[in-house]
Amino acid sequence: MSELLSFEWRRARSIRTTWITSLFTVLGVALLAVLFAGVSGVDGGESLPLQEALESVVVTNPFTMVLISSLAAMAFGHEYRYGTIRLTLTAFPRRGPVFFAKLVITLLLVFLVLAVSAGVGYGVLASSPMAVSGTQSWAATAWHVAVFGLTFSTLAFSLTVITRNHPLGIIGPLLIFLMEMLLLPLIAERAEWLPKFFPLTAMTNWFGGGADALWGAGVWVAWMVALMAQGFVLLLRRDA
Amino acid sequence: MVIVTASNLHKAYGRTVAVDDLSFQVKPGQVTGFLGPNGSGKSTSMRLMLGLDRGRGVTLWDGKPLDLYPHAPSVVGAHLDAKFFHPNRSARNHLRMLAAASKTSRKRVDEVIALMGLESVAKKKPKGFSLGMGQRLGLATAILAEPAVLLLDEPANGLDPQSIQWLRDYLKHYAAEGRSVLVSSHLLSEMEIMADQVIVIARGRLLADESMAEFKTRATTTDVLVRTPDLDSLRTALVAQLGADAVSEAPGGFAIKGVSTDQVGDIAFRANAAVQELTLRTASLEQAFLELTREGQDYALGGVL
């Protein structure tokens, strides 16, 4: 397994796209933090609650969603796009460990980038004179950032294995996000119960606490496990 | 030393059968040529052997499936396509990445780069590589961990004549060290020189699995062409001496099987027939291959305009 992890780590870090995407994520978060800090306090307005603002600039924005998805989609996307999956599976004929090694390295990479981005984002936001402590705890903020990162990594990673289409793996999670935003108002009037089954809505309900929190957590876990399982089974069964 | 035993390999795409119950062995110490027309199933067979394509049948590497080996790169190295690399990962990084899979040293990576003549482009991105350079990088990946078995799919495509000669010598040397080499190629003249054993398939079915010498002897034919203005007298003499089955009409004379030019010359002399041409004709490996696979060609070309 150590050889497989070492191979995967070298695969990820030996292409410039990984570094550029990571750098763009950090710079993008820094830029968003600057914008947040700049907007707050304009016209003598509101203060800047740090925890909530940090969560917004690090994860809950389309920019970071796409970049995290890009990092996660690379694991299988590049392999299928350039045919190197055949080299990988010749060197490591057991496909199960290949799947998990890619997942481990992908999550490691995403969490490293998110940690650095969060650090930079906090530095910028905290330097604002309008910065105040938010209502949410730092532990809850860290947990939300981690779950968002995991969600978009899982969606991008799984969609890429399932479709073997790198671009779809990148934009797929964003499309799911947008579809939920656009569909929810339409559906809510006729079938109020249905949005609870959507993955991102379920995650939001989970974070929101209250009566729907447990249900939301369950639906979110079910989506993540189902997508991973689908990707795993297809990797095992299909021609490389 | 690893004997590769492929048994009952079968792969179908819908109703099209690409590989049909194919069984053969690749033995150590020799280069095995894998021949067949376009679309005959050579590449699919190789992918089935490696477990890359899902189908029926089993391939055992010294009695064990490949996925039971803890360290597959030391068992088999494969080169299936000259474009299997990330276009923006340098050739050296590509090899270092694969070296991590086999715990191969950086020194070995540099050795292989030098062996393949890739030093000047080692730090370059392979997206600008020619087909020949891509082949060299693919060969480098295959031999990196010094595997017991090499599987090479059309490795000579795009190589210049010097590189082809080098490849031939290298593979013969590699096999002579007790390793197994399976190499597919359309360059029959190269195969004739390089391969000790030959496996011929068409439409996914096995047509021949024998030594190159046996294949040539069995598949090639030799006859004597004689041209003469005295057709009637020579025909009578030839049929009387050799039998009607051995003699067939040819432009301006006859083609006779199973005899030497000396024998035909003697017969013509005794029949008082003038001889304008007396030639021993031997069919080449290419002719033998074409003859053997004529019925099994899925993508035959039309006639010349």
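In the stretch B:56-97, which residues are closer than 14 Å to A:ARG86 by Cβ and either hydroxyl-bearing (Ser, Thr, Tyr) or touching a Phe, Trp or Tyr at 6+ places or on another chain (Cβ under 6 Å) (or both)?
Once the filter is applied, which keeps residues that are closer than 14 Å to A:ARG86 by Cβ and either hydroxyl-bearing (Ser, Thr, Tyr) or touching a Phe, Trp or Tyr at 6+ places or on another chain (Cβ under 6 Å) (or both), the stretch B:56-97 yields B:HIS86, B:HIS94.
Which residues, counting only those in the stretch B:63-75, are facing chain A (nearest Cβ under 7 Å) and open to solvent by less than 30 Å² (accessible area, probe 1.4 Å)?
Within the stretch B:63-75, B:LEU66, B:ALA72, B:PRO73 meet the criteria.
State yes or no: is A:ARG94 within 26 Å of B:VAL75 (Cβ to Cβ), buried (at least 20 other Cβ atoms within 10 Å of the Cβ) and at the interface with chain B (Cβ under 10 Å from one of its Cβ atoms)? Can you show your working first?
Numbers: within 26 Å of B:VAL75 (Cβ to Cβ): yes; buried (at least 20 other Cβ atoms within 10 Å of the Cβ): no; at the interface with chain B (Cβ under 10 Å from one of its Cβ atoms): yes.
It is false that A:ARG94 is within 26 Å of B:VAL75 (Cβ to Cβ), buried (at least 20 other Cβ atoms within 10 Å of the Cβ) and at the interface with chain B (Cβ under 10 Å from one of its Cβ atoms).
Just give me the residues in the stretch B:264-286 being under 18 Å from the mean Cα position of the chain (by Cα), part of a helix (DSSP H, G or I) and loosely packed, with under 15 Cβ neighbours inside 10 Å, in sequence order.
Applying the first criterion (under 18 Å from the mean Cα position of the chain (by Cα)) to the stretch B:264-286 yields B:283-286.
Narrowing further to those that are part of a helix (DSSP H, G or I): B:285-286.
Once the filter is applied, which keeps residues that are under 18 Å from the mean Cα position of the chain (by Cα), part of a helix (DSSP H, G or I) and loosely packed, with under 15 Cβ neighbours inside 10 Å, the stretch B:264-286 yields only B:GLU286.
Return the pair list, or none, for Cβ contacts closer than 8 Å from residues in the stretch A:68-87 that are within 14 Å of chain B (Cβ to nearest Cβ) to residues that are crowded, with 20+ Cβ neighbours inside 10 Å and acidic (Asp, Glu), at least 6 apart or on different chains.
Hits for this filter: A:ALA75/A:GLU8; A:ILE85/A:GLU79.
Quick check on the stretch B:154-177. Is at least one of its residues in contact with a Leu (Cβ under 9 Å, 6 or more places away or on another chain) and either closer than 22 Å to B:SER7 by Cα or assigned to a strand (DSSP E or B) (or both)?
No: the stretch B:154-177 contains no residue that is in contact with a Leu (Cβ under 9 Å, 6 or more places away or on another chain) and either closer than 22 Å to B:SER7 by Cα or assigned to a strand (DSSP E or B) (or both).
Which of the following residues is of a type in the set (A, V, I, L, M, F, W, C) and at pLDDT below 90: A:ALA188, A:ALA217?
Working: A:ALA217 fails: at pLDDT below 90.
Exactly one residue qualifies, and that residue is A:ALA188.
Of the residues that make up the stretch B:76-93, is at least one in a helix (DSSP H, G or I), surrounded by 19 or more Cβ atoms within 10 Å (Cβ to Cβ) and more than 9 Å from every other protein chain (Cβ to nearest Cβ)?
Looking for residues that are in a helix (DSSP H, G or I), surrounded by 19 or more Cβ atoms within 10 Å (Cβ to Cβ) and more than 9 Å from every other protein chain (Cβ to nearest Cβ), one finds at least one in the stretch B:76-93, hence yes.
Out of (1) open to solvent by 10 Å² or more (accessible area, probe 1.4 Å); (2) modelled with pLDDT of 95 or more; (3) aliphatic (A, V, I, L, M), the odd one out for B:VAL121 is which?
(2)
Look through B:ARG54, B:ARG47 and report the one residue that is among the basic types (Lys, Arg), within 26 Å of B:GLU190 (Cα to Cα) and without any contact (Cβ under 8 Å) to a residue 60 or more places away in the chain.
Values: B:ARG54 fails: within 26 Å of B:GLU190 (Cα to Cα).
From the options B:ARG54, B:ARG47, the qualifying one is B:ARG47.
Just to be sure, is A:THR64 of a type in the set (S, T, N, Q) and within 24 Å of A:ALA142 (Cα to Cα)?
yes
Given the criterion free of Cβ contacts under 8 Å to residues at least 60 places away in the same chain, within 20 Å of A:ARG10 (Cβ to Cβ) and either of a type in the set (A, V, I, L, M) or touching an Asp or Glu at 6+ places or on another chain (Cβ under 9 Å) (or both), identify the matching residue among A:LEU184, A:LEU175, A:LEU168, A:LEU107.
On the way: A:LEU184 fails: within 20 Å of A:ARG10 (Cβ to Cβ); A:LEU175 fails: within 20 Å of A:ARG10 (Cβ to Cβ); A:LEU168 fails: within 20 Å of A:ARG10 (Cβ to Cβ).
Answer to the selection: A:LEU107.
The rows are residues; the columns are (1) within 28 Å of the chain's Cα centre (by Cα); (2) open to solvent by less than 50 Å² (accessible area, probe 1.4 Å).
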{"residue": "B:ARG108", "(1), (2)": "no, yes"}
{"residue": "B:LYS127", "(1), (2)": "no, no"}
{"residue": "B:GLY132", "(1), (2)": "yes, yes"}
{"residue": "B:ALA142", "(1), (2)": "yes, yes"}
{"residue": "B:PRO147", "(1), (2)": "yes, yes"}
{"residue": "B:LEU152", "(1), (2)": "yes, yes"}
{"residue": "B:ALA156", "(1), (2)": "yes, yes"}
{"residue": "B:ASP160", "(1), (2)": "yes, no"}
{"residue": "B:ILE164", "(1), (2)": "yes, yes"}
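Quick one: which residue in A:SER40, A:SER47 is among the polar types (S, T, N, Q), touching a strand residue (DSSP E or B) at 6+ places or on another chain (Cβ under 7 Å) and open to solvent by 30 Å² or more (accessible area, probe 1.4 Å)?
So the residue among A:SER40, A:SER47 that is among the polar types (S, T, N, Q), touching a strand residue (DSSP E or B) at 6+ places or on another chain (Cβ under 7 Å) and open to solvent by 30 Å² or more (accessible area, probe 1.4 Å) is A:SER47.
Quick one: in the stretch A:195-238, which of the residues that are open to solvent by less than 40 Å² (accessible area, probe 1.4 Å) and part of a loop (DSSP other than H, G, I, E, B) is farthest from the other protein chains (Cβ to nearest Cβ)?
Once the filter is applied, the top-ranked residue is A:GLY209.
Considering (1) closer than 22 Å to A:LEU71 by Cβ; (2) surrounded by fewer than 19 Cβ atoms within 10 Å (Cβ to Cβ); (3) touching a residue at least 24 places away in the same chain (Cβ under 8 Å), say which one A:TRP143 fails and leave the rest.
(3)
Going through the stretch B:44-58 one residue at a time, which ones are more than 8 Å from chain A (Cβ to nearest Cβ) and either of a type in the set (Lys, Arg) or surrounded by 20 or more Cβ atoms within 10 Å (Cβ to Cβ) (or both)? Steps first, please.
Filtering the stretch B:44-58 down to residues more than 8 Å from chain A (Cβ to nearest Cβ) leaves B:44-46, B:48-49, B:55-58.
Within the stretch B:44-58, B:THR44, B:SER45, B:MET46, B:LEU48, B:MET49, B:ARG56 meet the criteria.
Quick check: anything in the stretch A:151-163 over 12 Å from the mean Cα position of the chain (by Cα) and open to solvent by 80 Å² or more (accessible area, probe 1.4 Å)?
no
The values are calculated or read from the model by the stated rules, or taken from the named source; none is laboratory data. The structure displayed is predicted, hence computed values, not measured ones. Every residue, glycine as well, gets a Cβ built from its backbone with ideal geometry; the counts of neighbours run over all protein chains shown. What goes into the accessible areas is simple: the full protein's heavy atoms, side chains included, and nothing from ligands, DNA or RNA. Shrake-Rupley method; radii C 1.70, N 1.55, O 1.52, S 1.80 Å.
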